[in-house]
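Below is one structure, written out as structure tokens, with a few remarks after it.
The values are calculated or read from the model by the stated rules, or taken from the named source; none is laboratory data. It should be emphasised that the depicted structure is a prediction, and the values quoted were computed from it without experimental measurement. Positions of Cβ are generated from backbone atoms using ideal geometry, with glycine treated the same way; all protein chains shown enter the neighbour counts.
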Amino acid sequence: MAESTFDKKAFKSEIVDNVKLLFRKTIEEADNQQIFQAVAYAVKDIMIDKWMATHKAYELQDPKTVYYMSMEFLMGRALGNNMINIMAYDEIKEILNELGLDINVMEDQEPDAALGNGGLGRLAACFLDSLATLKYPAYGCGIRYRYGMFKQEIKDGYQIEAPDNWLKNGNPFELKRPEYATEIKFGGYVRSYNDEFGKEKFVIENYRSVMAIPYDIPIIGYGNNTVNTLRIWDAEAIQTFNLDSFDKGDYQKAIEEQNLARNIVEVLYPNDNHYAGKELRLKQQYFFISASVQTAVAKYKGKHDDIKKFADKVAFQLNDTHPTVAIAELMRILMDEEGLNWNEAWDVTSNTCAYTNHTIMSEALEKWPIELFSKLLPRIYQIVEEINRRFVEEIKAKYPGNQEKIKKMAVIYDGQIKMANMAIVAGHSVNGVAKLHTQILEKQELKDFYEMMPEKFNNKTNGITQRRFLLHANPLLATWITDKIGDEWITNLEHLKKLKPYADDLTFQKEFMQIKYQNKVRLVKYIKEHNNIDVDPSSIFDVQVKRLHEYKRQLLNILHVMYLYNKLKQNPDMDMVPRTFIFGGKAAAGYRIAKLTIKLINNVGNLINNDKSINNKIKVVFIEEYCVSNAELIFAAADVSEQISTASKEASGTGNMKFMLNGAITIGTMDGANVEIVEEVGQENAVIFGMSAEEVIRYENQGGYDSMEIFNNDEEIRTVLTQLINGFYSPENPELFRDIYNSLLNYKCSSRADTYFILKDFRAYAQAHEKINEMYKDSARWAKSAMLNTACAGKFSSDRTIEEYVRDIWKLEKVEVKL
Ligand code: 26Q
């Protein structure tokens, strides 16, 4: 580990200088936001030297580099993580103390960089941390949205979306790089001609264009000198126009280009696992991909003259299908600008690109109507057409006369371009994000592709960075662990297994649970300040935080709370450890049933939290504005981790890993990475319930099941469902929750009743909760299980995941950076 050369005195005076330089103030006069900025710039100053050294080392050694292409990077706050990774967190904490300041208050001044929706975007952020820590050359490539994920306010129980103006005070960590601006062309038409050697050439004419301007954000490794770059692109109009000198046509065009530029990067689409088919979304995709691919090619050409060997130096990882237009863009550049023929360009593209699949749900698969796509990207469309034509020939050769195969696998079919199919056909690797998910891809969703090209398929079970989700989020536990087993776990999480022998020790169990209690008190304070709800830290904290989605089944959870409440009302002496059911998460702005579920959770909470007769045995809290920064508080405070998706639907999940790492016990289905969590921690230290993925898929193939039968035969379930429509939780409007009721019981259009098997899994879920209750009563048993969850979380480090990507897909070498 690099030793810290941190100079406390110099750093302190740099803070004072920065306040003066930036705000013309003394420390005493500056407000917290200003001091935060001053500290951030001082930290950046330390990182800049390492950033330059890294750049120099990469220039000199010319290593192979991965470009992680993603529409989303859900970074959260940077200051805390950066102070940790430069190994100066405690020193800076002391300095701030000496100045009469609290490091937590300073960190709270920083807005989250919420350039992502949920799991996929946060995974990208964890990967960047791991890549730098493991000393691999890497770029993140994305979009600098002016507005990130919307801010969620809860008013009268309803979600209200507010804009996230995250850049309003500037971003101290970013660096604008106008010298690397590139032009991006949209629309127009393709003209072809023969050049002097008779070769067919293509040019686009009459296009509109915008400039892509990069902003670089330093990504520093833990305890080393590696600083990689997250490059996010802003859009600007080509010329700021001059009213006098434009004739009418140019004036129109100039205005249009202003608008195009403004619109492209204006806002992140707030959909999670749902495709909407909006033209602006395709513009965003091509915008950042064209800029990133052009840059990668230019960088390569700065050092090499043989473009055919591009893939020896460059790997593109496509984070879902959102960046797959990179395939056609690279083909275009290689052929139209670098003069390669189709086969040569195809070889390079195929060896460069690899695709990660994050979902099997059909509503999330991106398909673009030919009409829309070809108008916006005419040359790119020609290339996609040719990719399709050649691939369909291959299918026909392999499966003569088999129209089904073409229907399923063609890149263009029925007037639509299927981005996943293009990514699979063109790339050299297709990976799922957990073992079960990859199996389902191979055996079900992508079966035909798997049969045709099995060598491309591989699994990379997701992971999370322990630097943020343990070291930063849970300093008490982190320190305790380091006291027991040393600090190697920070860069090699498998070391946590050395905690196993401590799990049976009563003293250690007590200490562990004492830390959990203090973290619960910290969260109680947050909830009081932000929600004004009183919560008892000695109750069981049972937590479900994640995006709102029907498949994630927040509805199952709240229906079970309603059921428990009914039982308690009938039998107030019921043997039950007091429980606080904590929810958090955002619903896509247009997702009606998900938003209604938020309202239901809040109404249920309102009634139950104010019912004195149940003796505070149940509390229900919906935490407003779930985001990376408050997630860090929430994971550290959880006793129970709710991972209850309909089996087969959650590709992996990563929240499940964050809970486990912080010593929460999972109540969950055999879905996604839950399967591997149970494998690691043992069945006795998790509570698993419900249908298997195989059963779910079998029922789906039969067209579903009859939820009415359950309704008719199970009185307690019937009572709960009836409370959705008799005004029990909405006396002012008894019909309020009718749509939820209908989703469980009525066939609607072509979709089955209870698509996500909520009623079918309900009894098993209730039993699982009884088991949790029993386990918790035996405090030694609980403490042991909780500790074992932490001790067995080693596999779920994103460091492990990245090493697997490097070994199987990217083939990178580590680069030592010296200062
Ligand atoms: C698509 C088209 C138009 C607009 C938006 C989108 C869109 C945006 C975000 C589609 C999907 C997403 C996000 C998906 C996602 O977060 N998937 C999750 O990825 C995690 C990391 O692999 C997994 O752990 C989760 O299981 C998976 O749901």
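Is there a residue being in a helix (DSSP H, G or I) and out of contact with any helix residue (DSSP H, G or I) (no Cβ under 9 Å at 6 or more places or on another chain) anywhere in segment 34-43? Let's see the steps before the verdict.
Let us first name the residues in segment 34-43 that are in a helix (DSSP H, G or I), namely 34-43.
From what is left, the residues that are out of contact with any helix residue (DSSP H, G or I) (no Cβ under 9 Å at 6 or more places or on another chain) are none.
Within segment 34-43 (the criterion being in a helix (DSSP H, G or I) and out of contact with any helix residue (DSSP H, G or I) (no Cβ under 9 Å at 6 or more places or on another chain)), the answer is no, since none of the residues qualifies.
Return the pairs, sorted by first residue and then second, in which the second residue is of a type in the set (A, V, I, L, M, F, W, C) and in a loop (DSSP other than H, G, I, E, B), the first residue lies in segment 526-548 and is away from the ligand (no atom under 16 Å from the Cβ), the beta carbons are less than 7 Å apart, and the residues are 6+ apart or on different chains.
527/533; 527/535; 540/577; 541/638; 543/638
Condition (residue is within 30 Å of residue 734 (Cβ to Cβ), more than 16 Å from the ligand (Cβ to nearest atom), at pLDDT below 95 and part of a loop (DSSP other than H, G, I, E, B)) applied to segment 616-623: is it met by at least one residue?
Of all residues in segment 616-623, those within 30 Å of residue 734 (Cβ to Cβ) come to 616-623.
Now restrict to residues that are more than 16 Å from the ligand (Cβ to nearest atom): 616-623.
Retained after the next criterion (residues that are at pLDDT below 95): 616.
Those still in the list that are part of a loop (DSSP other than H, G, I, E, B) too: 616.
Yes, that holds for at least one residue.
For segment 714-728, does any single residue satisfy the condition of being under 23 Å from residue 651 (Cα atoms) and aromatic (Phe, Trp, Tyr)?
Here is the first cut: in segment 714-728, the residues under 23 Å from residue 651 (Cα atoms) are none.
No - not one qualifying residue is present in segment 714-728.
Could you identify the single residue in 540, 582, 634, 558 that is buried (at least 19 other Cβ atoms within 10 Å of the Cβ), over 22 Å from residue 672 (Cβ atoms), of a type outside the set (Ser, Thr, Tyr) and outside the structural domain of residue 364 (by TED's automatic domain parsing)? So that I can check it myself, show each step before the final result.
Details: 582 fails: over 22 Å from residue 672 (Cβ atoms); 634 fails: over 22 Å from residue 672 (Cβ atoms); 558 fails: over 22 Å from residue 672 (Cβ atoms).
When all the criteria are applied, what remains is 540.
Could we say that residue 201 is in contact (Cβ under 8 Å) with a residue 12 or more places away in the chain, farther than 30 Å from residue 118 by Cβ, surrounded by 11 or more Cβ atoms within 10 Å (Cβ to Cβ) and out of contact with any Asp or Glu (no Cβ under 6 Å at 6 or more places or on another chain) here?
Values: in contact (Cβ under 8 Å) with a residue 12 or more places away in the chain: yes; farther than 30 Å from residue 118 by Cβ: yes; surrounded by 11 or more Cβ atoms within 10 Å (Cβ to Cβ): yes; out of contact with any Asp or Glu (no Cβ under 6 Å at 6 or more places or on another chain): no.
Answer is no for this residue.
Select from segment 470-525 the residues that are within 25 Å of residue 629 (Cβ to Cβ), hydroxyl-bearing (Ser, Thr, Tyr) and either free of Cβ contacts under 8 Å to residues at least 24 places away in the same chain or surrounded by fewer than 15 Cβ atoms within 10 Å (Cβ to Cβ) (or both) and list them in ascending order.
Those that are within 25 Å of residue 629 (Cβ to Cβ), hydroxyl-bearing (Ser, Thr, Tyr) and either free of Cβ contacts under 8 Å to residues at least 24 places away in the same chain or surrounded by fewer than 15 Cβ atoms within 10 Å (Cβ to Cβ) (or both): 479, 482, 517.
May I ask you to list pairs of residues, at least six apart or on different chains, whose Cβ atoms are under 6 Å apart, with the first in segment 258-275 being farther than 24 Å from residue 152 by Cβ and the second being within 14 Å of the ligand (Cβ to nearest atom) and not in a loop (DSSP other than H, G, I, E, B)?
264/283; 264/284
Kindly list, by first and then second residue, each pair from a residue in segment 109-123 that is closer than 9 Å to residue 77 by Cα to a residue that is within 16 Å of the ligand (Cβ to nearest atom) and among the aromatic types (Phe, Trp, Tyr), limited to pairs with Cβ atoms under 8 Å and residues at least 6 apart or on different chains.
Filtered contacts from segment 109-123: 113/73.
Run down 158, 147 and say which single residue is in the same structural domain as residue 312 (by TED's automatic domain parsing), surrounded by fewer than 24 Cβ atoms within 10 Å (Cβ to Cβ) and within 16 Å of the ligand (Cβ to nearest atom). Can you show your working first?
Working: 158 fails: within 16 Å of the ligand (Cβ to nearest atom).
None of the other options fit; the residue is 147.
In segment 367-384, how many residues are within 30 Å of residue 434 (Cα to Cα) and either outside the structural domain of residue 191 (by TED's automatic domain parsing) or surrounded by fewer than 22 Cβ atoms within 10 Å (Cβ to Cβ) (or both)?
Selection size over segment 367-384: 1.
Looking at (1) within 16 Å of the ligand (Cβ to nearest atom); (2) of a type in the set (S, T, N, Q); (3) part of a helix (DSSP H, G or I), can you tell me which one residue 629 breaks?
(1)
If residue 649 satisfies all but one of (1) of a type outside the set (Gly, Ala, Ser); (2) more than 14 Å from the ligand (Cβ to nearest atom); (3) assigned to a loop (DSSP other than H, G, I, E, B), what's the number of the condition it fails?
Condition not satisfied by residue 649: (2).
Here are the criteria: (1) within 27 Å of residue 567 (Cβ to Cβ); (2) of a type in the set (Ser, Thr, Tyr); (3) within 14 Å of the ligand (Cβ to nearest atom). Tell me which single one residue 666 does not satisfy.
(3)
Residues that are under 19 Å from residue 316 (Cα atoms) and not aromatic (Phe, Trp, Tyr): list the strands (runs of 3 or more DSSP E) wholly contained in segment 76-155 that include at least 1 such residues. Walk me through it before giving the result.
On the way: elements: 113-115, 138-143, 151-155.
The strands (runs of 3 or more DSSP E) meeting that bar are 138-143.
What's the total number of residues in segment 669-706 that are among the aliphatic types (A, V, I, L, M) and within 16 Å of the ligand (Cβ to nearest atom)? First the steps, then the outcome.
To start, the set of residues in segment 669-706 that are among the aliphatic types (A, V, I, L, M) comprises 670, 673, 675, 677-678, 681, 686-688, 691, 693, 696-697.
Imposing the further condition that a residue be within 16 Å of the ligand (Cβ to nearest atom) reduces the set to 670, 673, 675, 677, 693, 696.
Number of matching residues: 6.
Scan (1) within 16 Å of the ligand (Cβ to nearest atom); (2) over 17 Å from residue 69 (Cβ atoms); (3) surrounded by 20 or more Cβ atoms within 10 Å (Cβ to Cβ) for the single condition residue 125 breaks and write down its number.
(2)
So, in segment 801-819, exactly how many residues are β-branched (Val, Ile, Thr) and in a loop (DSSP other than H, G, I, E, B)? Before the answer, list the steps.
Going through segment 801-819, the residues β-branched (Val, Ile, Thr) turn out to be 801-802, 806, 809, 815, 817.
Remaining after also requiring in a loop (DSSP other than H, G, I, E, B): 815, 817.
Count: 2.
Can you tell me which residues in segment 92-134 are within 16 Å of residue 797 (Cα to Cα) and over 18 Å from the mean Cα position of the chain (by Cα)? Reasoning before the result, please.
Going residue by residue through segment 92-134, those that are within 16 Å of residue 797 (Cα to Cα) are 119-120, 122-134.
132, 133, 134 - these are the residues of segment 92-134 that are within 16 Å of residue 797 (Cα to Cα) and over 18 Å from the mean Cα position of the chain (by Cα).
For segment 338-365, which positions are farther than 24 Å from residue 296 by Cα and surrounded by fewer than 22 Cβ atoms within 10 Å (Cβ to Cβ)?
Correct list: 358, 360, 361, 362, 363, 364, 365.
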